[in-house]
1. Name the residues in segment 117-164 that are in contact (Cβ under 8 Å) with a residue 24 or more places away in the chain, polar (S, T, N, Q) and surrounded by fewer than 20 Cβ atoms within 10 Å (Cβ to Cβ), would you?
2. What's the total number of residues in segment 246-264 that are of a type outside the set (A, V, I, L, M, F, W, C), out of contact with any strand residue (DSSP E or B) (no Cβ under 6 Å at 6 or more places or on another chain) and under 17 Å from L161 (Cα atoms)?
3. Which residue, of A156, A178, A174, is aliphatic (A, V, I, L, M) and at positive phi?
4. Which of the strands (runs of 3 or more DSSP E) contained wholly in segment 1-115 include at least 2 residues that are touching a residue at least 60 places away in the same chain (Cβ under 8 Å) and out of contact with any helix residue (DSSP H, G or I) (no Cβ under 8 Å at 6 or more places or on another chain)?
5. Out of (1) over 19 Å from H259 (Cβ atoms); (2) of a type in the set (D, E, K, R); (3) surrounded by fewer than 22 Cβ atoms within 10 Å (Cβ to Cβ), the odd one out for E60 is which?
6. So if I check each of A28, A9, A72, which one is of a type in the set (A, V, I, L, M, F, W, C), at pLDDT 95 or above and farther than 30 Å from L176 by Cβ?
7. Report, by residue number, each residue of segment 17-45 that is surrounded by fewer than 18 Cβ atoms within 10 Å (Cβ to Cβ) and more than 26 Å from N90 (Cβ to Cβ).
8. Within segment 203-214, track down each residue that is over 20 Å from H271 (Cβ atoms) and of a type outside the set (S, T, Y).
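The values are calculated or read from the model by the stated rules, or taken from the named source; none is laboratory data. Note that this is a predicted model, so its numbers are computed, not measured. FYI the Cβ positions are ideal-geometry reconstructions off the backbone, even for glycines, and counts take in every protein chain you see.
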Amino acid sequence: MSTLKQLSANKCWGGTQFTYSHAASETACTMRFSVYLPPQAETAKVPVLYWLSGLTCTEENFTIKAGAQRMAAQLGLAIVAPDTSPRGLNIPGEADSFDFGLGAGFYVDATEVPWSQGYRMYSYVTQELPALINAHFPVDADRVALSGHSMGGHGALVCALRNPQQYRSVSALAPLAAPTRCAWGRNAFSRYLGADESPWQHYDSTRLLVSHGWKGPAPLIDQGDQDPFLPMLQPQLLADAAAEAQVALTLRMQPGYDHSYFFVQSFIAEHLQFHAANLA
């Protein structure tokens, strides 16, 4: 188990907001993540929500901008927010564009050289990070949920659909619903996973809904109808896939909202309440 280094600790709504770093084996670098522990964690293990962020983000964006701590404190819910990619690998080209490389790990396990040496965010999020959190923090490993925004919404859906035994509930805000059918996803997948598109299907929630189904609570999806990235996000494809798979899905189109953290702020409390109810 890698050694944790505490980078910050701030009292917040009766609990504590932490930031840590550790040497990660899956990503072959030092990774950072934030952890919010509500006041209830001082006396008992609490349920935990993993939050996955979107393109260009670090662990800091959600932690500072979403305002989730107040509701998390009321609900007794821990929140873990990892970074969105490896850092410090110094692979040529990884910082050339916003939608690939740094800040754009797409929550896949890359198989193409040179990205395969550390761009393994799927295994980091579903295996290495939870093992670390369970070993070092007062969280209940049997009460775990996933959520995320944009690329992170894609990641949350994919991780939950592929690991239903691990996550009791899943939600997303403005998720990249069908990365195999949009420019951002196709660019990233072709470089991380190769030209053969068959492995891509393992990282597309619309494909996974049909192939794997979902027996948990209906995933909660919020999407702003003024989001400038709607043509890329394609939430209707997610709804169509759920209908084909006969999986209950709650897709709420929110009038007037865009893609920003103002949108996330507006609905994060409802998402935390959704998860807390399913983790009780």
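1. Q117, S123, Q127, N163
2. Within segment 246-264, the first condition is being of a type outside the set (A, V, I, L, M, F, W, C), and the residues that meet it are 246, 250, 252, 254-261.
Of the ones still in play, those that are also out of contact with any strand residue (DSSP E or B) (no Cβ under 6 Å at 6 or more places or on another chain) are 246, 255-256, 259-261.
So of that shortlist, the ones also under 17 Å from L161 (Cα atoms) come out as 246.
The total comes to 1.
3. Numbers: A156 fails: at positive phi; A178 fails: at positive phi.
Going through A156, A178, A174 in turn, the sole match is A174.
4. Working: elements: 4-12, 15-24, 29-37, 46-52, 78-82.
Passing ranges, in order: 29-37.
5. E60 satisfies all of (1) over 19 Å from H259 (Cβ atoms); (2) of a type in the set (D, E, K, R); (3) surrounded by fewer than 22 Cβ atoms within 10 Å (Cβ to Cβ) except (1).
6. Values: A28 fails: farther than 30 Å from L176 by Cβ; A72 fails: farther than 30 Å from L176 by Cβ.
Matching residue, one of A28, A9, A72: A9.
7. Listed by number, the residues that qualify are P39, E42, T43, A44, K45.
8. Pass one, segment 203-214, residues over 20 Å from H271 (Cβ atoms): 203-204, 206-208, 210-213.
Hits for segment 203-214 are D204, R207, L208, V210, H212, G213.
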